[in-house]
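Each reported figure results from applying straightforward, stated rules to the coordinates on display, with no laboratory input. This structure is a prediction, so every number in the text was calculated from the model and none was measured. No Cβ is skipped: glycine too gets one built from the backbone with ideal geometry, and neighbour counts run over all protein chains shown.
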Amino acid sequence: MNNQTDNSTYNTNHSNPIDKDKLQQRLAASSKRKPADIVIRNGRIIDVFNLELIEGDIAITDGVIVGIGNYEGQQIIDAAGRYISPAFIDAHVHIESSMVTPPEFARAVIPHGVTTVIADPHEIANVSGADGIQFMLDASERIPLDVFMMLPSCVPATPFEHAGARLEAEHLRPFYGHPRVLGLAEVMDYPSVQNGAADMVDKLADAWHNGGYIDGHCAGLSNEALQVLRTGGIRTDHECVAAAEAKERLRNGMYVLMREGSVAKDVKALAPVVTPYNARRFMFCTDDKHLDELLHEGSIDHNVRLAIASGIAPLQAIQMASLNAAECYGLSLKGAVAAGYEADLLFLDDLDNLSIAQVYKQGRLVAENGHYVGPQLPQPSIPQQLLQTVRLPHLDETMFRIELEPASPRHVENAGQLTEQQHRCHVIGIEPNSLITKHLIEEVTVREGFFQPSIVNDQLTLAVLERHHLTGNVGVGIVKGFKLTAGAIASTVAHDSHNLVVAGTNHEDMVAAAQAVQQMNGGLVVVQNGQVLASLRLSLCGLISTDSYTEVLAQLDQLHQALIQVGAATAFHPFVTLSFLCLPVIPELKLTDMGLFDFRSFSHIPVAATEAQLTT
């Protein structure tokens, strides 16, 4: 088989009627009036409809399965007794979180059995609006990965932060004409739905009018709130972190996306809810996953392995990773090994460990033994305006000071010429491998009226600097859990508005880290004693590298070594965790460029705790 075939045949327009000539060819091969293009023999075929194994030749013409039985073909592929599975679908992913362009993302995930993704480009949209969405659509053309898009519903995510763009219904409407746009992405602004805000209602109505699908983001919401969302047409949720939440979503007629990303790891917790009676309402997603973890740990194949290890039957887990997602999003040609379905196939050496020997896209080999072997991928053209998105005022240490009134000190001690006091403050508590943070109230050290970071108490200064419009906004707070013993870390990947976020043991290194990121026009950096130990340039909207995935992987490895040098925690991914400390739509306490944000009251609060708060 020639794997260098022009990849313009990929990304078929699934919304158009089939070409009559192609239909004639398929019918001729299916009825055995002519040989099929390709016949796969000697495989154990996974029937995802009956959850059983069947045998027979798989006949493929024009990239589509035309029959299973006894067939002749122009090319014969010997499966050598391997299991043949439908390829996997990632039901919700932000490609930007991999920090590479769509073609490089394809090279990373295809060897893991993923040939289709439902992508939400709201990361790049929060930075560059409609231009960012258009780039992601253009950059994902003519590659052996089907990238379907859900339009970002909440840019910015809330009114409590400043993003680089604002997308209203009128800005999204033109994209519904694109054949790979399926609907409206995760609706995270629940108050706007509840209150019937005009623009949100317009977005929901547009999705309905265009036959689109609407995804949810239901973190921390009550049953009553879920019913409001269902009334608005929202059908899915990927934010379940506990079994009870998953069951509640099912009762409300929602699909549950079992997520396993770089921070949120929910498959094991949700697996006990899956039964043969409700399994068809579950599917898998990665949501946000760093490139190094995609390559080393896996994509949806990792979710499937975890599900099997957690007691879900292998064929059931494979059905969840393929057919369920295809049917949820109306991809009628995907998700099964059967006549009329696209020949997106996996050859598996075993079912329990899910060892993927080969990956086929429309009948063509694109990955083998963990390596991409498909056609050369096109390099996307990047508009200049997407490469100049980091705009910061003059940086100095005073930006990161947290002033605390000396009204109610806990105790006072002499520290040379400086007076130190202990005050109670609201502190963001990191929960390892979770998007949820704890809302802590702790004693912190105050020196000359300002918070003093403490390595001993693992209390660092956290700051979010608005980096889109030169507003000068800087939100400051206190974070616990990074365990840094020196230096600072900074990033322009800061969900969802993607301002510059920096955490540090001292303000001098925080300034140096922010300056280094500014000079790179976006990226990740580790600094110690004013020196950059390692960095990753993300010049495309401050989110994506223009380098190959292998080059990005090498830079990530250097960042990990630098994190060890400054004593960062190793039980979770520090940079991914840092990026989610800015997301106010996730419980419990977060930080935006406008200040400390309390999810429970859905409002900003001061860093210092009041006496009333100390008793609650």
- Residues located in region 237-260, provided they are among the aliphatic types (A, V, I, L, M) and in a strand (DSSP E or B): V256, L257, M258
- Item | Qualifying positions in region 50-68 - in a strand (DSSP E or B), farther than 20 Å from L333 by Cα and not aliphatic (A, V, I, L, M) | E52, E55
- Query: So R166 fits all but one of (1) buried (at least 16 other Cβ atoms within 10 Å of the Cβ); (2) farther than 28 Å from M283 by Cβ; what number is the exception?
  - Reply: (1)
- Starting from region 583-596, keep only residues that are touching a residue at least 12 places away in the same chain (Cβ under 8 Å), then list their pairs with residues that are of a type in the set (K, R) whose Cβ atoms are within a distance under 8 Å, requiring at least 6 positions of separation or different chains. L583/K590; P584/K590; P587/R600; E588/K438; E588/R600; L589/K438; L596/K590
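Table: residues versus (1) without any contact (Cβ under 8 Å) to a residue 12 or more places away in the chain; (2) farther than 30 Å from V201 by Cβ.
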| position | (1), (2) |
| --- | --- |
| G233 | no, no |
| A244 | yes, yes |
| E248 | no, no |
| G253 | no, no |
| L257 | no, no |
| P272 | no, yes |
| R281 | no, no |
- Message: Return the residues of region 283-322 that are hydrophobic (A, V, I, L, M, F, W, C), assigned to a helix (DSSP H, G or I) and within 18 Å of V337 (Cβ to Cβ); say none if nothing qualifies.
- Response: I300, V304, L315, A317, I318, M320, A321
- Quick one: how many residues across region 437-468 are within 27 Å of A163 (Cβ to Cβ) and either out of contact with any Asp or Glu (no Cβ under 7 Å at 6 or more places or on another chain) or surrounded by fewer than 21 Cβ atoms within 10 Å (Cβ to Cβ) (or both)? 8
- Note on the structure: Residues of region 359-385 being surrounded by 20 or more Cβ atoms within 10 Å (Cβ to Cβ) and not in a loop (DSSP other than H, G, I, E, B), in sequence order, are V359, Y360, K361, R364, V366, A367
- Query: So which strands (runs of 3 or more DSSP E) stay within region 537-616 end to end and still have 1 or more residues that are surrounded by fewer than 23 Cβ atoms within 10 Å (Cβ to Cβ) and not aliphatic (A, V, I, L, M)?
  - Reply: 595-598, 603-605
- Item | Subset of region 369-397 [farther than 19 Å from S491 by Cα and either of a type in the set (F, W, Y) or without any contact (Cβ under 8 Å) to a residue 12 or more places away in the chain (or both)] | Y372, Q384
- Selection from region 105-126 of residues closer than 30 Å to H171 by Cβ and of a type in the set (V, I, T) yields V109, V114, T116, V117, I118, I124
- Residues in region 323-339 that are among the small types (G, A, S) and not in a loop (DSSP other than H, G, I, E, B) total 2
